[in-house]
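This report concerns only the one structure given below.
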């Protein structure tokens, strides 16, 4: 009887952990999709939902390292207009407790971006706190 109870406890514990991971995975995907959908649809308000207010975006322009507040950057960059002609994909999500990262690919006709998003679960909600990216020509 004891082995049966022990097996049952282990199975239920494993299910609980797996279920929590699935729930976090879905919540992270939802957060990242705010970013992707907002960018595709030129909708700053949707995109802004993905980011913590202090989120940083870091990148290389030419030879120079640049660091900016992500929300302030996108507020200036995103203007209402027609839907962007691009294909977006969440390539990978990795979760460790209240920290996670996601690798995204955004394909345009002549180039693509690879975005690396770092997220934290803050007050029960996943938010992007850091973004780095690379732009690659398709030539």
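The conditions of being under 18 Å from residue 27 (Cα atoms) and assigned to a strand (DSSP E or B) are not met by residue 135. Would you check if there is a residue in the stretch 44-53 being part of a loop (DSSP other than H, G, I, E, B), closer than 19 Å to residue 116 by Cβ, in contact (Cβ under 8 Å) with a residue 60 or more places away in the chain and in contact with a strand residue (DSSP E or B) (Cβ under 9 Å, 6 or more places away or on another chain)? Yes, some residue in the stretch 44-53 is part of a loop (DSSP other than H, G, I, E, B), closer than 19 Å to residue 116 by Cβ, in contact (Cβ under 8 Å) with a residue 60 or more places away in the chain and in contact with a strand residue (DSSP E or B) (Cβ under 9 Å, 6 or more places away or on another chain). Entry remark, the stretch 30-63: residues being at pLDDT 95 or above, surrounded by fewer than 15 Cβ atoms within 10 Å (Cβ to Cβ) and within 24 Å of residue 135 (Cβ to Cβ) number 1 in total. On the given criteria, is residue 113 over 18 Å from residue 51 (Cα atoms) and either in a strand (DSSP E or B) or touching a residue at least 60 places away in the same chain (Cβ under 8 Å) (or both)? It is true that residue 113 is over 18 Å from residue 51 (Cα atoms) and either in a strand (DSSP E or B) or touching a residue at least 60 places away in the same chain (Cβ under 8 Å) (or both).
For the stretch 91-107, taking the residues that are surrounded by 16 or more Cβ atoms within 10 Å (Cβ to Cβ) and under 10 Å from the mean Cα position of the chain (by Cα), the one that is nearest to residue 120 (Cα to Cα) is identified as 100. Each residue in the stretch 67-85 was checked for being surrounded by 16 or more Cβ atoms within 10 Å (Cβ to Cβ) and touching a residue at least 40 places away in the same chain (Cβ under 8 Å), and 2 of them qualify.
The values are calculated or read from the model by the stated rules, or taken from the named source; none is laboratory data. In this text the structure is predicted, and so the values were computed from the model without any measurement. So basically every Cβ, Gly included, is an ideal-geometry build from the backbone, and we count neighbours across all protein chains shown.
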